[in-house]
Amino acid sequence: MTSTDTASCLVQFAKAPILGQVKTRLQSSLGEQGCLDLHCALVEHVLSQFVHETGICQQLWCSEPHPYFQQLVEGLPVSLHLQQGNDLGMRMASAFQTCLHHYDKVVLIGSDCPALSVQTLNATLQLLDEVPAAFVPAEDGGYVLVGLTRFDPTLFQGIPWGSSEVMNATRSRLSEIGWDWRELEMLSDIDRPDDLYLLSGYKKLDFFAKNY
């Protein structure tokens, strides 16, 4: 398979929309139902940013089976997959290992960053022509996007997921395994009450910025 855009895959990770189990750090501002509604709105917003892009395979990888996901992708050129592994690192590693068997470039994103765009995706794919790894760091110390052209499981092992040291630990691991990498402009996840203002101006997300 040659290194072209048609040999690229975009993987979106999403948690199942279960009341009380999503966006829990926002419960003080939104309540359980509001957190569930925001979670679904973010999943749909991120998915919609890329669904009309040609030349790239789009996949939605779910934390567990849920009818919401089937309804969401009905009629869309998006395939559903089930995440495998006991923690985030194992699940990401599994997705990359699977997809890199079929695609030259694999880009994995979450469902918490509304600022992710086609421009960000295209910039990442361009960087992956030059280096084996590219990232979009998050303001909270993690990352909202990782793109790879090769697989090494140690990139996802021993990382303090959910902490402010995720990106720093990943940089150290990249240096240890001798990979070159590039980073794009930092973006923000929507995880805490102070982040809600960042939803302003996004269709179907603006409600949460104005009403909570």
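The values are calculated or read from the model by the stated rules, or taken from the named source; none is laboratory data. If you're wondering where the values come from, they're calculated on a predicted model, not measured in any experiment. Ideal geometry is used to build each Cβ from the backbone, glycine not excepted, and the neighbour counts take in all protein chains shown. Note: areas computed on protein heavy atoms with side chains; ligands, DNA, RNA excluded. Shrake-Rupley method; radii C 1.70, N 1.55, O 1.52, S 1.80 Å.
Quick notes on this one:
- Region 3-46 - percent of accessible surface contributed by carbon and sulfur, probe 1.4 Å: 46 percent
- Among PRO137, PRO153, PRO67, the largest mean-square fluctuation in a Gaussian network model of the chain, built with springs joining Cα atoms closer than 10 Å, belongs to PRO67.
- Size descriptor for region 142-205, Kirkwood hydrodynamic radius: 13.9 Å (Cα pairs only, one decimal).
- Solvent exposure ordering (accessible area, 1.4 Å, most first) of ARG182, ARG150: ARG150, ARG182
- Cα long-axis angle, helix 88-99 against the chain (0 to 90 degrees, to the nearest 10): 50 degrees
- Considering only THR149, THR170, THR98, the Gaussian network model of the chain with Cα springs below 10 Å gives its largest mean-square fluctuation to THR98.
- Taking Cα atoms only, the orientation of helix 118-127 departs from the longest principal axis of the chain by about 20 degrees.
- The calculated P(r) of region 65-154, using every Cα pair and 10 Å bins from 0, goes 14, 43, 37, 5 in percent.
- Three-way shape label, region 1-106, alpha-carbon gyration tensor, a/c 1.5: prolate
- Ranking PHE151, PHE50 by solvent-accessible area of protein heavy atoms (1.4 Å probe, all protein chains present), from largest to smallest, gives PHE151, PHE50.
- Per residue, region 62-203 exposes an accessible area of 48 Å² to a 1.4 Å probe, with every protein chain left in place.
- Protein accessible area in region 86-172, 1.4 Å probe - carbon and sulfur %: 46 percent
- Note on exposure: TRP161, TRP61 ranked by accessible area (1.4 Å probe, complete protein assembly) read TRP161, TRP61, with the most exposed listed first.
- Unsatisfied cross-links (Cα-Cα over 22 Å) in the set LYS15/LYS210; LYS23/LYS203; LYS105/LYS204; LYS15/LYS105: LYS15/LYS210; LYS105/LYS204; LYS15/LYS105
- Under a model in which nothing but the beta-carbon of Lys, Arg (+1) and Asp, Glu (-1) is charged, region 1-138 shows a dipole of about 240 debye around its Cα centre.
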